Every structure is written in structure tokens, then in C-alpha cells.
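Every number in this text was worked out from the coordinates using simple rules, so none of it is lab data. If you're wondering where the values come from, they're calculated on a predicted model, not measured in any experiment. Methodologically, a virtual Cβ is constructed for each residue, glycine included, from the backbone with ideal geometry; neighbour enumeration extends over all protein chains shown.
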Amino acid sequence: MGIFDKIFTWWDGATIGTMLYTARKGEHVGTDAQGNKYYRSKSQQGQQERRWVIYDGNNDASRVPAEWHGWLHGAFGDVPESYLPPPKIWEADYTPNATGTAAAYRPQGALERGGKRAKATGDYEAWSPEG
């Protein structure tokens with residue numbers, strides 16, 4: 001990615017301002033399975049700790065796993081790996097939010113699927129003001 005992309009785009013990774021702030025005041029605390037990197041502000045007397053994430057790819061908050069979401073919002077102080085039980089076999093892997101993409105869910109009758117839906121069956125009765 002070129003320098004102009006870093007200056008003028010915010011939706012694909014960190015901007016140059018965020019990168020400079022992170023280099024100057026951030027302390028890397030961990031990386032999740034998707035490559036997102038998590039930072040906190042370096043210790044400063046009398047200031048509240050700040051926490052943030054730099055995404056590996058598109059900036060999409062749905063890409064933050066639940067355990068890191070809790071850490072970002074201060075639910076616990078240490079990195080999530082120290083609090084998590086081992087993963088269960090029934091836990092599903094992350095799937096990205098497909099809204100706005102060709103892979104998005106489109107029910108029968110959606111305009112993107114032709115706009116035709118099945119006729120209503122006998123369980124539907126139209127409302128009329130007379131009765």
C-alpha cells in the first residue's frame with residue numbers, strides 16, 4: 001500500500017496519523033487469529049489507559065473477537081489469552097459480515113433475486129378498514 005493510500009484512506013488499515021500515534025504512544029499487547037493487532041497507551045502518571053486495535057485489512061468492528069472486544073472495553077485488565085478456557089469443538093470459526101457484498105443474505109422476493117415471491121397461502125388475511 002502506498003503512502004498516498006495511508007494518508008487519504010481510513011477504511012483499509014490504519015491511517016498515517018494512527019500509525020504515528022501508535023509508534024509514539026502505543027504498546028503492542030497482542031494479535032488475534034485474524035492478524036488484528038491490539039495496543040494500549042504506555043504508562044503515564046495520572047492518565048487513564050487507552051486501548052485500540054489496528055485491523056489487518058478492512059476496518060470492520062465485527063472482525064474483533066469477543067474476548068478482545070471485552071479487553072478493548074476494559075472488562076478485564078490483562079490480555080484475553082490469560083482468561084480464556086480452551087476452545088470447544090462446537091465453536092464456529094469467524095465468518096465476516098457479508099452485508100453489502102455479493103455474498104449477503106437475500107431472501108426470496110428480494111429485488112436482487114428478481115423481486116418475485118411466492119403467493120401468500122391461506123394463513124394470511126388482508127386487513128380492511130370496514131371490518
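Let's see if you can work this out: charge +1 on each Lys and Arg Cβ, -1 on each Asp and Glu Cβ, no other charges. What is the dipole magnitude of the chain about its Cα centre, in debye to the nearest 20?
380
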Item to check | Choice from 85, 65, 96 showing the highest fluctuation, given a GNM over the chain with Cα pairs closer than 10 Å | outcome: 85
Item to check | the chain: relative contact order as a whole-number percent, Cα under 8 Å and 6+ apart | outcome: 14
Checklist entry - Which of 65, 85, 15 sits farthest toward the positive end of the charge dipole of segment 3-89, with +1 on the Cβ of Lys and Arg and -1 on the Cβ of Asp and Glu? => result 15
Item to check | Pairwise label distance in nanometres, residue 66 with residue 84, each label 7 Å out on the Cα-Cβ vector | outcome: 1.2
Checklist entry - Which parts of segment 20-50 would a label at residue 76 reach, counting a residue when its backbone N lies under 20 Å from a point 7 Å out along Cα-to-Cβ? => result 28-41, 49-50
Item to check | Theoretical FRET efficiency, 1/(1+(r/R0)^6), r = Cβ-Cβ of residue 116 and residue 95, R0 25 Å, to 0.05 | outcome: 0.30
Next on the checklist: Quick query: amide H of residue 110 versus all other amide H atoms, modeled in the peptide plane; which residues come in under 5 Å with a sequence gap of 5 or more or a different chain?
Outcome noted: 115
Next on the checklist: Let me confirm the definition first: pairs of Lys residues in the chain, 8 or more apart or on different chains, C-alpha distance under 23 Å. How many are there?
Outcome noted: 4
Checklist entry - Which angle between 0 and 90 degrees, to the nearest 10, do you get for helix 16-25 versus the longest principal axis of the chain when only C-alpha atoms count? => result 40
Item to check | Placed amide H near residue 30: partners under 5 Å, 5+ positions off or other chain | outcome: 38
Checklist outcome for this item: Length gained, residue 126-residue 104, 0.36 nm per residue minus C-alpha separation, equals 4.8 nm
Checklist entry - residue 56's amide H: which non-local residues (gap 5+, or another chain) put their own amide H closer than 5 Å, with H modeled 1.01 Å from N in plane and none for Pro or chain starts? => result 36, 37
